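Visitor: Here it is, the structure, as C-alpha cells.
The values are calculated or read from the model by the stated rules, or taken from the named source; none is laboratory data. Every value quoted in this text rests on a predicted model; they were computed, and no experiment measured them. Cβ: placed from backbone, ideal geometry, glycine included. Neighbour counts: every protein chain shown. Protein only, heavy atoms only, side chains kept; ligands, DNA and RNA dropped before computing areas. Shrake-Rupley method; radii C 1.70, N 1.55, O 1.52, S 1.80 Å.
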Amino acid sequence: MTTTMAPFDPAANGPLTDLGTCLRELAGDSAYRAGRDYLRKGKVREGAVAGSQAYATVAGSTDYRVTLAFPTIESTKVTCTCPAHRRSKYCKHVVAVCAALLEQPATFAVLDEIPAPPAAKRTVRKRATETAPKTDPGAPRASGLEVVDRLLAELADGGLVQLGVEKVSLIAQAAELVRALKLRRLGNLLMQLQHIVAGRTDIDEAAFARLLLELYVCRAATGAQLAGTVALDPRLAEDLVGKTWRAEELEPIAGLELVEVACSREDDGEFVVDTSYLVDLGSHETYAERQITPTRLRSVPKAHYRMRLLVDEAGLYPGLTPRRIRLGRVRRDALRTEDVDRLLAGALTDLTEVRRRLVERAAVPFGRPEGAGLFRPAALLLSPGSDRGRDRPTGAVDAAGRFLTIEWSGAWAGVGPGALSAVLEGIQAGQVNEGPVALFGFASIGEQGPLLRCLSAVGARVHGQFGRILPEPGLGR
C-alpha cells in the first residue's frame, strides 16, 4: 500500500460537501454541538482518506472508529463503533470526523485504499477451580428488584385506600435497600414516593399514580439492563444504575475555560449534594461539579470559584447533560468583564430553541425532561400590582413576545430585592439599558408552556460596576 502525495480536496467531492450542509439537521443540535466540540479539542485522530472513503479514530470514554463512504449523496454511508450509533446514525463521533474531513483535510493521510479494521482481540478466560466458590455479583441487585416487585404489587392491589403504616414502612425499607445497591433511578423514584406518602394526609393522587407508572417502567428497564437483554446508551444506563467511578475510567477532557454561574444544595436525609454549575466560555456547554457527603458526617464546605478556571486536565462522568466533571489540573485566573460578555454572548435568546431542546430531551427515556443553560430575555414581567424592583419577576419574553414562566430557586432567599433589582434593572421595561442580563437555570415544560427554575442572574455591566453573578456561590445556604 502506498501513500499518495496529492492532498485531499473536500471541495472536489460534491457528495461530501452536500453532507456538510445538512450535517446539523441529520445529527440534531445536541450531537452536532458535541461533535464540533470534539473537533475543537483535537479528539479526531489517525484519519485517512482514499477516493470516496475515509476513516478516523475519535477519542472518547474509549476510542471509537468512524468510517465514511460518500460516492454519491444518495448512497452516503457512515458507521461508528460507539453504542449511540445504533440509536442515531449521525452520532457526535461521526459529526466530528465529517467536520474534520471538510475543515481540516490536511490532517488526513491520503492512501490508495482504506485498510481493513484490525480484528477484535479475543480474551480467553481461565476456568475457575473446582473448589473456588461461585458468586453471582448480580444477586444482591436481583434481590433489590424483587423487593420493588413486591412493593409494586402491594401498592397496585390496595392503592391509596389501603395505604397503612405497614406499606409506608415497606416503601421506606425498599428505598433504603435500593439506594444502597446503587439502583440509582429506582432509588430516586422510591424516595419521591416516600415523601409523598410520609404525612398520609392530602396525598396528591395524580402524582402518586404517575410515580407508580414510572416505577413500573423503570423497574422493567433496570432489570433488562442488568440481565443484558438490552444495550442502552451509556448515558441512559448511568441514569439507571450507578457505580463508583475511578479517575482512569472517566472520559478525559481538557482545554476548557470554566466560570461558575450557579450552585445548589440538596439534602435527601441520607446525603448532602453540593453542586457547582460551570459554563465553558468556548463551547457554552454546562458542566456540574458535585461534592456528595453523607448527612451524618460533618464535611468541609464545597469550594466555590469567583474566578476563571483554565482546565488542563479533567474527567467527565457518563450521563446526560449537564455532564458531571471531576477537575484535575486547573489554573486559576481573574474573571474579567470580557469573560462575562462571552457568557452572555452564548446565552439563548429565542424561546423556540428552548422548546426544541426540551422536546429533544423529552424523547430520552428515564432522564429528567429538563435542560440547563443561560437564557437572555428581551424583557421581564412583574405580577400585576407589584412594585418595580421589590418583587421578583414571574415571567419573561423573548424578542418575538413568546412567554417563559420563571420560578426562583431557594438560593435567592438571601438576596434582597434591592440587589436583585440592580442586576435585573437593565432589562426591566422602561428602564435604561445598562447591559444585557441572562438567567441561568433549568428549563422544563410547565402547565403554561416553558418554565425556567432560575438559580442565578448574570449581568455584564450593572450601574457601571464590573459584571456580576447573583446569588454569589454559597449565598443563601
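Visitor: Quick check on packing: order 73-79, 248-254 by the mean number of other C-beta atoms within 10 Å, highest mean leading.
Guide: Taking the mean over residues of other Cβ atoms within 10 Å, the ranking is 248-254, 73-79.
Visitor: Moving on. Kindly sort Thr62, Thr337, Thr21 by accessible area of their heavy atoms, largest first, with the probe set to 1.4 Å.
Guide: Thr21, Thr62, Thr337
Visitor: Then there is this: Which order, highest average first, do 150-156, 371-377, 94-100, 319-325 follow once you tally other Cβ atoms within 10 Å for each residue and take the mean per peptide? Can you show the working numbers first?
Guide: Working: 150-156: 15.4, 371-377: 22.7, 94-100: 26.1, 319-325: 19.3.
With the highest mean Cβ count within 10 Å placed first, the list reads 94-100, 371-377, 319-325, 150-156.
Visitor: Let me ask another. Each residue of segment 438-450 in turn: what ³J(HN,Hα) in whole Hz from Karplus with 6.51, -1.76, 1.60 and θ = phi - 60°, glycine and Pro shown as x?
Guide: Per-residue couplings from phi come out as 10, 9, 9, x, 10, 8, 8, 9, x, 5, 10, x, x Hz.
Visitor: List the residues whose amide H sits under 5 Å from the amide H of Leu256, counting only those 5 or more places along or on another chain, with H placed 1.01 Å from N in the peptide plane.
Guide: So Leu256 has HN proximity to Val311.
Visitor: For segment 255-261, in order, what is each residue's ³J(HN,Hα) by Karplus, 6.51 cos²θ - 1.76 cosθ + 1.60 with θ = phi - 60°, in whole Hz (x at glycine and Pro)?
Guide: Coupling constants for segment 255-261: x, 8, 10, 9, 10, 6, 9 Hz.
Visitor: Also: Would you grab the residues whose amide H sits under 5 Å from the one on Ala379? Only those 5+ places off in sequence or on another chain, please, with H modelled 1.01 Å from N.
Guide: Val397
Visitor: Which pairs break 29 Å Cα to Cα here: Lys43/Lys77; Lys41/Lys77; Lys89/Lys182; Lys182/Lys302?
Guide: Check vs 29 Å cut-off fails for Lys89/Lys182.
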